[in-house]
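Student: Just dropping this structure here.
The values are calculated or read from the model by the stated rules, or taken from the named source; none is laboratory data. As the structure is a computational prediction, the values presented were derived from the model and not from experiment. Because the Cβ atoms are built from the backbone with ideal geometry, glycine has one as well, and the counts that use them run over all protein chains shown.
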Amino acid sequence: MSRRFLPHWQQNKATYFITFRLADSLPQAKLQLLQQEKEEWQKQHPEPLSEAEKAEYNRLFSQKVDKWLDAGIGKCYLKDPQLAKIVADALSYFDGDRYDLKEWVVMPNHVHVIVTPLGNHTLSEITHSWKSFTANKINKSLNRRGQLWQKESYDQIVRSPQHLERVQTYIANHPANVAQASSLYKNVTVTRASSLPEKNTQDGCLTEPNTHSVTQAGSLSKINNQDDCVTTSNNQDDCVTRLRHLLSYNDNSHQFNDYECDYLISVIDNLKIIDIACGSGAFPMGILQKLVFILGKIDPNNTKWKQQQKEKAIQPVLEDIQTAKKISYEDAREEAIQKLQERLAEIEDEFENNEMDYSRKLFLIENCIFGVDIQPIAVQISKLRFFISLIVDQKVNNNQPNRGILPLPNLETKFVAANSLIGIETQSSLRSQEVIEKEEELKQVRQQHFKARTPKTKKKCREKDENLRQEISKLLQSTGLETAIADTLARWNPYDLNSSSDFFESTWMFGVDSFDICIGNPPYVRQEKIKELKPILKQQYDCYTGVADLYVYFFEQAVRLLKEKGVLTYITSNKYFRSGYGQKLRDFLVKKTQLKQLIDFGDAPVFKAIAYPSIIITVTHPSRVSKDNVTNSSRVSNKSNKQDAGATVTNSSRVSNKSNKQDAGATVTHP
């Protein structure tokens, strides 16, 4: 049985199997719900437990936590070999002095250890030493502050040689069974002798991390990235092949095991995707359909997807219950539980009474996809496109009110009308804790508005939104932000459907400060038509030149909005490859991104457009900048026959920063 580690839960000369984990490895909502379930189960099963009851407990609780950890939630700092080595060295440092260290393994977001305390050294003292030392070292390496490890650890007393053998085997086999286990240190040996609690000779050794790297939850694009694969296979090519098979439109079954499917679903559910020139929403709709297709393959019955959404719905209610402890606990607790029951019933209804794709689309739209366009009418068309997409997957039931058709979600804070190129300086350093809390409250209000089903509820949410914006504006002014800027933020009203904001600020408008993927087809507007914008573009953009066309600035803005390893994929004019005004943009892309694929159609009329097109897929990767990675794309002259437009494939790690005005033709480059 696994229990939260407490100082009194210790026995002299006992051997323990311990798990401690990074602070962001498990959402608190899951842990608190699990704790409630455990307490209820323990009331029904008082100790001593039978062997069958112990097995049931392990299946219901211990294995569930292990599965959550193995899904790779959080930043997974220990996937970095250097950071994993800090933990490995700390574990071994007092071996034989303060404790007898047996098998252990460092996973990307947690650590498993078998240890026997020696002398008067307690288990709490030993684990505190490991965690405090490594937290300090790792935080310094990452240039970060704050909590690294979760405060509690989980331990089992190893009660027999057979139990020891089981946990040794678990540690030995665990990395091979986990999708994201790539950068790990381990000390593994399975002993079959009845050597408990005497110290065993260690047959294992400190091993260097294997070279196979894996994906981190946060970007679907990384699923299809040869540098980052989610797999339990040691064959990276096999991983890429299976991912491409998953992404291709066919009716064949997917090729992933259950662990990998859980991981992929977690990746998708945590994606943040933006189109900063969304127009009528064609690109956001395209990626929605692709994600729906993938979910349909890896979770055909929606079982995992539904559980994921229910767990997310629990979090705000648990927070309400925690707040209720400080007020009128019983009444407030009952109200919070009632809200939870209603929301879970809504989720059940959304899944059970509609086509499978309806709930996939609904929660992807709510959590993952965002769009911006300067024209309000374009934003309205985008929303209409998404409305129609949801309507077609609802089931008609003539025996239900409104024939069973659910109210459509409110998309005012998913697609906004704004000038996505013009930022506003909010000076994040001035955001006090009170401002941060109010912003989080505003985010919750907008999530409630998304799901609001009645005019009364929508009106209530919008009024609260207005009040919170005014409160945040005043708080920002009190911390030193210019009054004009604070007022500008407060005046932005997402529910005014006929206006377009003259600035864009993603945290303020979407509650999202960075994105995993930026897609789009930026507008091709000649520089002669943007004279009034040039002064502010010059002030805000490194790529500015007096003769650059408008689309150039969409590249730089996209890179700013992306997380590290975020993916930018655009269809744009190819003029920046060769023109003088493209020099700064080429330099910028060389410094800030890693090219994955570039398709230059030269002057081949493959699209009905006023500009010759190109397609680029590139990844923000500033930590791997190298002059050695700068290469030229090969040139193939275009043929007059449209079917014979040349295409050359070359190896290229980064976009070329060379200017070659004669380099017309169709060129394809990828790693």
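Student: Can you report the number of residues in the stretch 573-598 which are in a strand (DSSP E or B), buried (at least 19 other Cβ atoms within 10 Å of the Cβ) and touching a strand residue (DSSP E or B) at 6+ places or on another chain (Cβ under 6 Å)?
Tutor: Residues flagged as in a strand (DSSP E or B), buried (at least 19 other Cβ atoms within 10 Å of the Cβ) and touching a strand residue (DSSP E or B) at 6+ places or on another chain (Cβ under 6 Å) within the stretch 573-598 amount to 5.
Student: Sticking with this structure for a sec: Sort out which residues of the stretch 513-543 are surrounded by fewer than 19 Cβ atoms within 10 Å (Cβ to Cβ), assigned to a loop (DSSP other than H, G, I, E, B) and in contact (Cβ under 8 Å) with a residue 40 or more places away in the chain, and write them in order of number.
Tutor: If the condition is that a residue be surrounded by fewer than 19 Cβ atoms within 10 Å (Cβ to Cβ), assigned to a loop (DSSP other than H, G, I, E, B) and in contact (Cβ under 8 Å) with a residue 40 or more places away in the chain, then Ser514, Pro523, Tyr524, Asp542 are the ones that fit.
Student: When you go through Leu220, Leu243, Leu247 one by one, which is the residue that is buried (at least 21 other Cβ atoms within 10 Å of the Cβ), at pLDDT 85 or above and either within 26 Å of Ala84 (Cα to Cα) or outside the structural domain of Ile114 (by TED's automatic domain parsing) (or both)?
Tutor: Selected residue: Leu243, the only one of Leu220, Leu243, Leu247 that is buried (at least 21 other Cβ atoms within 10 Å of the Cβ), at pLDDT 85 or above and either within 26 Å of Ala84 (Cα to Cα) or outside the structural domain of Ile114 (by TED's automatic domain parsing) (or both).
Student: When you check Ser266 against the structure, is it part of a helix (DSSP H, G or I), out of contact with any Asp or Glu (no Cβ under 8 Å at 6 or more places or on another chain) and touching a residue at least 12 places away in the same chain (Cβ under 8 Å), yes or no?
Tutor: Answer is yes for this residue.
Student: Given the conditions (1) modelled with pLDDT of 65 or more; (2) out of contact with any strand residue (DSSP E or B) (no Cβ under 9 Å at 6 or more places or on another chain); (3) not in a loop (DSSP other than H, G, I, E, B), report the number of the one that Asp603 does not fulfil.
Tutor: Result: Asp603 fails condition (3) only.
Student: Is the stretch 62-77 home to any residue that is modelled with pLDDT of 85 or more, not β-branched (Val, Ile, Thr) and not assigned by TED's automatic domain parsing to the domain that holds Glu564?
Tutor: Within the stretch 62-77, one or more residues are modelled with pLDDT of 85 or more, not β-branched (Val, Ile, Thr) and not assigned by TED's automatic domain parsing to the domain that holds Glu564.
Student: Please work out if Pro27 is modelled with pLDDT of 75 or more and either of a type in the set (Asp, Glu) or in the same structural domain as Ser153 (by TED's automatic domain parsing) (or both).
Tutor: No.
Student: Consider only pairs whose beta carbons are under 6 Å apart and that are at least six residues apart or on different chains; among these, list those whose first residue lies in the stretch 86-114 and is surrounded by 18 or more Cβ atoms within 10 Å (Cβ to Cβ) and whose second residue is in a strand (DSSP E or B) and of a type in the set (Phe, Trp, Tyr).
Tutor: Leu91/Trp104; Val111/Phe20; Val113/Trp104; Ile114/Phe17
Student: Also, I was wondering about something else. For Val416, are the conditions met, namely being of a type in the set (Val, Ile, Thr), surrounded by 13 or more Cβ atoms within 10 Å (Cβ to Cβ) and in a helix (DSSP H, G or I)?
Tutor: When the stated conditions are applied, Val416 does not pass them.
Student: How about the stretch 375-389: which of its residues are surrounded by 19 or more Cβ atoms within 10 Å (Cβ to Cβ) and of a type outside the set (Ser, Thr, Tyr)?
Tutor: Ala378, Val379, Lys383, Phe386, listed by residue number.
Student: OK, next. (1) over 25 Å from Lys538 (Cα atoms); (2) at pLDDT below 85: which one isn't true of Lys565, the others all being true?
Tutor: Of everything listed in (1) over 25 Å from Lys538 (Cα atoms); (2) at pLDDT below 85, Lys565 misses just condition (2).
Student: Inside the stretch 470-507, can you point out the residues that are part of a helix (DSSP H, G or I), in contact with a Lys or Arg (Cβ under 9 Å, 6 or more places away or on another chain) and surrounded by 17 or more Cβ atoms within 10 Å (Cβ to Cβ)?
Tutor: Correct list: Ile472, Ser473, Leu475, Leu476, Ala486, Leu489, Ala490.
Student: Here's a follow-up. Output the residues belonging to the stretch 126-138 that are over 14 Å from Tyr93 (Cα atoms) and touching a residue at least 12 places away in the same chain (Cβ under 8 Å).
Tutor: Ala135, Lys137, Ile138
Student: Return yes or no: is Lys272 touching a His at 6+ places or on another chain (Cβ under 7 Å), of a type in the set (Lys, Arg) and modelled with pLDDT of 90 or more?
Tutor: no
Student: Considering Ala332, Ala378, which residue is part of a helix (DSSP H, G or I), among the small types (Gly, Ala, Ser) and at pLDDT 90 or above?
Tutor: Ala378
Student: Can you find a residue in the stretch 562-578 that is under 16 Å from Ile422 (Cβ atoms), of a type in the set (Phe, Trp, Tyr) and in contact with a helix residue (DSSP H, G or I) (Cβ under 8 Å, 6 or more places away or on another chain)?
Tutor: Checked the stretch 562-578: no residue is under 16 Å from Ile422 (Cβ atoms), of a type in the set (Phe, Trp, Tyr) and in contact with a helix residue (DSSP H, G or I) (Cβ under 8 Å, 6 or more places away or on another chain).
Student: Please work out if Asp549 is in a loop (DSSP other than H, G, I, E, B), crowded, with 19+ Cβ neighbours inside 10 Å and of a type outside the set (A, V, I, L, M, F, W, C).
Tutor: Yes.
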